[in-house]
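Trainee: To start, I am sharing the structure in question, which I have written as structure tokens.
The values are calculated or read from the model by the stated rules, or taken from the named source; none is laboratory data. Given the structure is predicted, the values throughout are model-derived calculations rather than measurements. Cβ placement follows ideal geometry from the backbone for every residue including glycine, while neighbour counts extend to all protein chains displayed.
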Amino acid sequence: MPEKLIYMDNSATSPVNPEVLEAMLPYFNEEYGNASTLYTLGVEAKKAVDKARQQVAELINAEVDEITFTSGGSESDNMIIKGVALKEKQKATEENPRNHIITSTIEHPAVLETCKFLEKFGYEVTYLPVGESGIIDLEDLENAIKDSTILISIMHSNNEIGSIQPTKEIGEIAHKHDVLFHSDAVQSAGKIPVDVKDQNIDLLSISAHKINGPKGVGAVYIKKGVYLEVLIHGGGQEKGLRSGTENVPGIVGLGKAAEIAKNNLKENMEHNRQIRDELIEKVTSTIKDSYVNGSLENRLPNNVHFRFSGIEGESLILRLDKKGINGATGSACSTHDLKGSHVLAAIGIKPALSHGSLRLSIGPENNIEDVDYIVESISEVVSYLRNISPLWDNKTDTYIGDMFEKEVDEEDLDRY
Ligand SMILES: *Cc1c(COP(=O)(O)O)cnc(C)c1O
């Protein structure tokens, strides 16, 4: 192992901030009460949960009682989309089935798989395309709305290419047509300003482990006056919206992480942006045939996603790991099946090129001083891999993969 690890995969998960850990620890032993009991120990646990609710509400400019805790981003997305779908279908009439959902082709699988699941039960889903920039077209959105539309679920920002959607405008369109607007803000909350009031958001998902909090805890924001069918029944915790004994240490950790992220938002954005921009500048100027996937303008300050022709992302990741650098590749979320990324397919990146991708997602603990080492390492590994690649001609130092290239793999798109 190299001496130190440069961890740049913060969009996959992030290290728990020491202050967060410290805040959580007492709730594993001294303060082990059940937050739903009446004696002091339980009341102390309840107070801690309420404080965390306040901290999360403040991060996204919501009211305290609009926040419900869950087991993470995936549960939050499932709870909201299925909850709205079941609720609204009860209002169906002969003329209006109230069963239509609009989402995008680049959502996280927690949204896309939930939509696929609902399609099996008579719901209709429109998957809006995105352009090269990874951003939906507002005109497409408005054209897709019909009488039966009950929900628009468009992510706040994308976990792979970092593209930021125009949430305020999406919310305006949704409300003009009396449709609810859900946004998966797992990658945005704590990274860029998220304001549910200003951005016209009715329902929102967040997760602790993407913002230097613990894994296995998250929250939903449900605007006052919006009702969901409940999915997890039991003892009636979280006002009956989500039963199950509260994960007090996890919730305390989420609250603390939200507070820290809010207090340092501007500073972290600037820090991340500087590292990102220097990486982009140095990589694209020193490595031949290197490109940035997605929009340069509407992009998370902590996300950069490179594409190198002629190489294979998995080899790149493994070789960078040996140099102490952790990133993700074009099949980030499907390391289990090694298929190309549905997000890169959706923005028109052909399969062979999509496999030669590298996502670096920056966090507060990364250092700008490490950029030169990172760029040098990527450059070395890319040269090595091209040298042994059948898609690279060493004599002319050029990419020759085009002659073998397929168009965007329909299968990659069709998986969703
Ligand atoms: C990570 C992620 C999720 C899932 O959150 P978990 O807490 O890991 O379940 C959902 N949506 C997006 C955009 C994510 O990046």
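Trainee: As an exercise: evaluate Ser205 against (1) more than 16 Å from the ligand (Cβ to nearest atom); (2) in contact (Cβ under 8 Å) with a residue 60 or more places away in the chain; (3) buried (at least 24 other Cβ atoms within 10 Å of the Cβ) and give the number of the one condition it does not meet.
Mentor: (1)
Trainee: Take the residues in segment 21-72 that are aromatic (Phe, Trp, Tyr) and surrounded by fewer than 21 Cβ atoms within 10 Å (Cβ to Cβ); name whichever of them is farthest from Pro193 (Cα to Cα). Full working, then the answer.
Mentor: To start, the set of residues in segment 21-72 that are aromatic (Phe, Trp, Tyr) comprises 27-28, 32, 39, 69.
Restricting the remaining residues to those that are surrounded by fewer than 21 Cβ atoms within 10 Å (Cβ to Cβ) gives 28, 32, 39.
Values: Phe28: 32, Tyr32: 34, Tyr39: 39 Å.
Looking at residues that are aromatic (Phe, Trp, Tyr) and surrounded by fewer than 21 Cβ atoms within 10 Å (Cβ to Cβ), I get Tyr39.
Residue-wise test of (1) of a type outside the set (A, V, I, L, M, F, W, C); (2) touching a Ser or Thr at 6+ places or on another chain (Cβ under 8 Å); (3) more than 25 Å from Asn263 (Cα to Cα).
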site: Glu19; (1), (2), (3): yes, no, no
site: Pro26; (1), (2), (3): yes, no, no
site: Gly42; (1), (2), (3): yes, yes, yes
site: Ala48; (1), (2), (3): no, no, no
site: Gln54; (1), (2), (3): yes, no, no
site: Ala57; (1), (2), (3): no, no, no
site: Asp65; (1), (2), (3): yes, no, no
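Trainee: Let me ask something else. When you scan segment 221-265, how many residues do you find that are touching a residue at least 12 places away in the same chain (Cβ under 8 Å) and either assigned to a helix (DSSP H, G or I) or under 14 Å from Gly190 (Cα atoms) (or both)?
Mentor: Summing the residues that are touching a residue at least 12 places away in the same chain (Cβ under 8 Å) and either assigned to a helix (DSSP H, G or I) or under 14 Å from Gly190 (Cα atoms) (or both) in segment 221-265 gives 19.
Trainee: Follow-up. Scan segment 181-190 for residues that are touching a residue at least 40 places away in the same chain (Cβ under 8 Å) and away from the ligand (no atom under 11 Å from the Cβ) and report the count.
Mentor: Counting residues in segment 181-190 that are touching a residue at least 40 places away in the same chain (Cβ under 8 Å) and away from the ligand (no atom under 11 Å from the Cβ) gives 2.
Trainee: Could you pull out the residue among Asp195, Asp140, Asp178 that is more than 16 Å from the ligand (Cβ to nearest atom), outside any helix (DSSP H, G or I) and without any contact (Cβ under 8 Å) to a residue 24 or more places away in the chain? Quick ask: steps written out before the conclusion?
Mentor: On the way: Asp195 fails: without any contact (Cβ under 8 Å) to a residue 24 or more places away in the chain; Asp140 fails: outside any helix (DSSP H, G or I).
After ruling out the rest, the residue left standing is Asp178.
Trainee: For Thr126, all conditions in the list (1) farther than 21 Å from Tyr221 by Cα; (2) within 16 Å of the ligand (Cβ to nearest atom); (3) assigned to a strand (DSSP E or B) hold save one; what is the number of the exception?
Mentor: (2)
Trainee: With the condition kept exactly as written, say whether any residue in segment 214-230 is among the basic types (Lys, Arg), within 15 Å of the chain's Cα centre (by Cα), surrounded by 24 or more Cβ atoms within 10 Å (Cβ to Cβ) and within 15 Å of the ligand (Cβ to nearest atom).
Mentor: no
Trainee: Sticking with this one: Report the residue count in segment 154-175 for those that are within 11 Å of the ligand (Cβ to nearest atom) and touching a residue at least 60 places away in the same chain (Cβ under 8 Å). Give the steps one after another, and end with the answer.
Mentor: To start, the set of residues in segment 154-175 that are within 11 Å of the ligand (Cβ to nearest atom) comprises 155-160, 162.
Narrowing further to those that are touching a residue at least 60 places away in the same chain (Cβ under 8 Å): 157-160, 162.
Matching residues across segment 154-175 total 5.
Trainee: Looking only at segment 86-113, filter to residues that are crowded, with 24+ Cβ neighbours inside 10 Å and either at pLDDT below 95 or touching a helix residue (DSSP H, G or I) at 6+ places or on another chain (Cβ under 7 Å) (or both); which one of those is nearest to Gly162 (Cα to Cα)?
Mentor: Taking the candidates together, the pick is Ile106.
Trainee: Can you tell me which residue is nearest to the chain's Cα centre (by Cα) among those in segment 378-397 that are part of a helix (DSSP H, G or I) and β-branched (Val, Ile, Thr)?
Mentor: Among them, the one singled out is Ile378.
Trainee: Working only within segment 392-416, note down all residues that are modelled with pLDDT of 80 or more and over 30 Å from Leu112 (Cβ atoms).
Mentor: Step one: filter segment 392-416 for residues modelled with pLDDT of 80 or more, giving 392-402.
Those that are modelled with pLDDT of 80 or more and over 30 Å from Leu112 (Cβ atoms): Trp392, Asp393, Asn394, Lys395, Thr396, Asp397, Thr398, Tyr399, Ile400, Asp402.
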